[in-house]
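The values are calculated or read from the model by the stated rules, or taken from the named source; none is laboratory data. All values reported here derive from a predicted model rather than from experimental measurement. Methodologically, a virtual Cβ is constructed for each residue, glycine included, from the backbone with ideal geometry; neighbour enumeration extends over all protein chains shown.
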Amino acid sequence: MSSLREELNQQPKRLSGYVSGGFTSPAGAEEIAVIDPTTEIRVATLLESSADEVDAAVEAARHAFDKGPWGAATVAERQAALTRIHDAILANADELAMLETINTGIPLSQTRNMHIPRAAYNFRFFGEYINQSGGEVFTQEPGLMSLVTYEPIGVCALIGPWNMPLGLTAMKIAGALAFGNTCVVKPSELTPLTVTRLFEIIEGVLPEGVMNLVNGRGHVTGTSLVSHPGIDMVSFTGGTVTGAAILGSLAKGIKGSAMELGGKSANIVFADADFDKAVDAALLSSFMNNGQMCLAGSRIFIDRKISDRFIDSFTRRIKALKIDDPAADGTEIGPMINQAQRERMERYAGSGLGEGATLLAGGHRCASLNTGYFFEPTAMLAPTNELAICQEEIFGPFAALQIFDEEDEVVARANDSEFGLVGYVWTEDLNRSMRVASALRTGTVLVNTPIVRDLRTGFGGYKQSGLGREGAKGSQAMFTEMKTTIIAR
Ligand code: NAD
């Protein structure tokens, strides 16, 4: 057991909000237990932000935007601050990775090698990006010029989910600050450890009030924040149902939003694919992050010509995955985030069987691990795309396989989904990859490659998977107002 975990078990942290450059000490706040999903032991107590604290955080951000030095900061000054945040995250990377693993159950190899370096990189990327991005100039006739400039939008509410707490929130914070905004951040009440630690390790880097933190449950602190008249926009990552509720509340104030929502991404493997790479990738995109990933390619369509071999190989690989304490070396699958999420896995395993799917692997709690919310990595072969396991976002280590015969048929089945986040295509035929990529109704298509994010491009969803794109121009659109100034000589 890691010494950090022992420390937290003995003395759980007390986590509060951060307003105007300092942590708050709210008297009488509702106390929420933050649980390590591996040990089921409390590792922190979250002091829920009241409506008054949310109000103070929004006011602090407003003041810093209207009157503080951040509004007047040069691009170079903003870049310097973002670079210092990047450096601070990397300097504390080992501790942040362990905290993330303790709080989420994500294997340490993934938090250490991917999520934390990625969180840091967001700040470096957006610092560099603002040096290169600008506006546009058009001339209609000699002496008549149209200037398009992008101005900060103001106070941004940044709301994150529990499945990649620091990485996904860092992308929002970096984008919002880079384009000159101030913000109020609300992490998930289940996983506030790393985001709170970020506020500690960057103490003094930003002027007071530029970056504030509120904590608590969605229906309490979350609703206070999104319904606050002082915010100018909400950047939200989370479930589709929550996103819809937030959109309803924003409509009243005509407030902007960016919504990164759920997914149920198709992973199409044609018979001419590089077989080994396709199996490796299917494993990664179904089970990385314990399968709790918006861009999981866990709806796997296999060409009938290779289906027996693929199913055999994929099933053997699943059964060999190492399920254990996520902080231990070599662990590939850790626990689900909580008991409710594990019960959800059980319900889907039951519904899959009830609707006629065949169990290939998993399907149960881990018999060998009595403590912790462990669930076996699971795969089922579904007879049709109508099954709940093929249509609903399960958000756990659960792959639903289907067999197809024709390209048109598989594209139609892949698009037969309320979601449209990512499509994965495996084929060595360039023409086919282009045809299928353009036919898929998803915000991102990955051809012959597993999960990849490129901040220079936009990430986001079609249909119920969201509104807006994160990354480069998408973040610029999200965090700025476009202004047109037409000048005549
Ligand atoms: P969630 O919707 O339950 O919660 C997300 C955040 O919203 C939390 O901070 C929560 O406290 C807050 N919240 C809840 N109700 C609220 C309300 N009424 N008003 C304001 N805030 C509220 O989502 P989750 O369970 O934390 O995350 C899992 C979901 O996130 C999955 O659906 C997953 O696909 C999605 N996700 C999407 C992306 C993406 O980039 N598209 C990335 C990661 C996760």
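Checking the conditions here, which among 217, 197 is over 21 Å from residue 115 (Cα atoms), of a type in the set (Lys, Arg) and either surrounded by fewer than 24 Cβ atoms within 10 Å (Cβ to Cβ) or free of Cβ contacts under 8 Å to residues at least 24 places away in the same chain (or both)?
Only one candidate passes the filter, namely 217.
Residue check, residue 353 against (1) closer than 18 Å to residue 398 by Cβ; (2) surrounded by 17 or more Cβ atoms within 10 Å (Cβ to Cβ); (3) in contact with a Gly (Cβ under 9 Å, 6 or more places away or on another chain), all met but one. Which one?
Residue 353 satisfies every listed condition except (2).
Return yes or no: is residue 121 in contact (Cβ under 8 Å) with a residue 40 or more places away in the chain, under 30 Å from residue 395 (Cβ atoms) and more than 13 Å from the ligand (Cβ to nearest atom)?
yes
Tell me, please, whether a residue that is over 17 Å from the mean Cα position of the chain (by Cα) and more than 25 Å from residue 110 (Cα to Cα) can be found in the range 448-463.
Yes, the range 448-463 has at least one match.
Hey, among 242, 331, 315, which residue is of a type outside the set (Lys, Arg), away from the ligand (no atom under 16 Å from the Cβ) and surrounded by fewer than 21 Cβ atoms within 10 Å (Cβ to Cβ)?
It is 315.
Table: residues versus (1) surrounded by fewer than 24 Cβ atoms within 10 Å (Cβ to Cβ); (2) within 16 Å of the ligand (Cβ to nearest atom); (3) within 26 Å of residue 305 (Cβ to Cβ).
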position: 371; (1), (2), (3): yes, no, no
position: 374; (1), (2), (3): no, no, no
position: 381; (1), (2), (3): yes, no, yes
position: 387; (1), (2), (3): yes, no, yes
position: 403; (1), (2), (3): yes, no, yes
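Please specify each residue of the range 280-322 satisfying the condition of being without any contact (Cβ under 8 Å) to a residue 40 or more places away in the chain and of a type in the set (Phe, Trp, Tyr).
none
Hey, any hits in the range 296-306 for a residue that's within 22 Å of the chain's Cα centre (by Cα), among the basic types (Lys, Arg) and not in a strand (DSSP E or B)?
Within the range 296-306, none of the residues are within 22 Å of the chain's Cα centre (by Cα), among the basic types (Lys, Arg) and not in a strand (DSSP E or B).
Per-residue answers, yes or no, for (1) surrounded by 15 or more Cβ atoms within 10 Å (Cβ to Cβ); (2) within 24 Å of residue 223 (Cβ to Cβ):
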site	(1), (2)
27	no, yes
46	yes, yes
55	yes, yes
60	yes, yes
71	yes, no
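Of everything in the range 215-253, what is over 18 Å from residue 193 (Cβ atoms), of a type in the set (Ser, Thr, Tyr) and not in a helix (DSSP H, G or I)? Give them in sequence order.
227, 235, listed by residue number.
Mind checking whether some residue in the range 26-37 is assigned to a helix (DSSP H, G or I) and without any contact (Cβ under 8 Å) to a residue 40 or more places away in the chain?
No, the conditions are met nowhere in the range 26-37.
Say whether the condition of being near the ligand (Cβ under 8 Å from one of its atoms) and either assigned to a helix (DSSP H, G or I) or modelled with pLDDT of 95 or more (or both) is met by at least one residue in the range 264-276.
No, the range 264-276 has no match at all.
Find the strands (runs of 3 or more DSSP E) located wholly in the range 421-489 whose residues include 3 or more that are more than 12 Å from residue 265 (Cα to Cα), and list them.
480-488
Residues 438, 465: which one is of a type in the set (Gly, Ala, Ser) and away from the ligand (no atom under 12 Å from the Cβ)?
438
Could you grab me the full set of residues in the range 1-21 that are farther than 13 Å from residue 36 by Cβ and assigned to a loop (DSSP other than H, G, I, E, B)?
Hits for the range 1-21 are 11, 16, 17, 20, 21.
Go through the residues of the range 96-112 one by one and say whether even a single one is over 30 Å from residue 339 (Cβ atoms) and in a helix (DSSP H, G or I).
No: zero hits.
Restricting to the range 198-214, count the residues that are more than 19 Å from residue 44 (Cα to Cα) and in a loop (DSSP other than H, G, I, E, B). Spell out how you get there, then give the answer.
The initial filter retains those residues of the range 198-214 that are more than 19 Å from residue 44 (Cα to Cα), namely 202-212.
Remaining after also requiring in a loop (DSSP other than H, G, I, E, B): 202-210.
Qualifying residue count for the region: 9.
If you go through the range 414-430 one residue at a time, do you hit one that is closer than 26 Å to residue 110 by Cβ, within 14 Å of the ligand (Cβ to nearest atom) and surrounded by fewer than 18 Cβ atoms within 10 Å (Cβ to Cβ)?
The answer is no, given that none of the residues of the range 414-430 is closer than 26 Å to residue 110 by Cβ, within 14 Å of the ligand (Cβ to nearest atom) and surrounded by fewer than 18 Cβ atoms within 10 Å (Cβ to Cβ).
If residue 249 passes every condition in (1) in contact (Cβ under 8 Å) with a residue 40 or more places away in the chain; (2) among the polar types (S, T, N, Q); (3) more than 22 Å from residue 175 (Cα to Cα) but one, which one does it miss?
Result: residue 249 passes all but (1).
For a quick check of your reading: which strands (runs of 3 or more DSSP E) sit entirely within the range 133-197 and have at least 3 residues that are more than 16 Å from the ligand (Cβ to nearest atom) and not aromatic (Phe, Trp, Tyr)?
Those strands (runs of 3 or more DSSP E) span 136-141, 144-152.
Name every residue in the range 200-222 that is within 16 Å of the ligand (Cβ to nearest atom), of a type outside the set (Lys, Arg) and at negative phi, in order of residue number.
The answer is 212, 213, 214, 215, 218, 219, 220, 221, 222.
Can you tell me which residue within the range 254-263, out of those that are under 13 Å from the mean Cα position of the chain (by Cα) and assigned to a loop (DSSP other than H, G, I, E, B), is nearest to the ligand (Cβ to nearest atom)?
262
From the list 372, 356, 363, exactly one residue is assigned to a loop (DSSP other than H, G, I, E, B) and under 22 Å from residue 412 (Cα atoms). Which is it?
Just one listed residue meets the conditions, 356.
Given the criteria within 30 Å of residue 41 (Cα to Cα) and at pLDDT 95 or above, does residue 343 qualify?
yes
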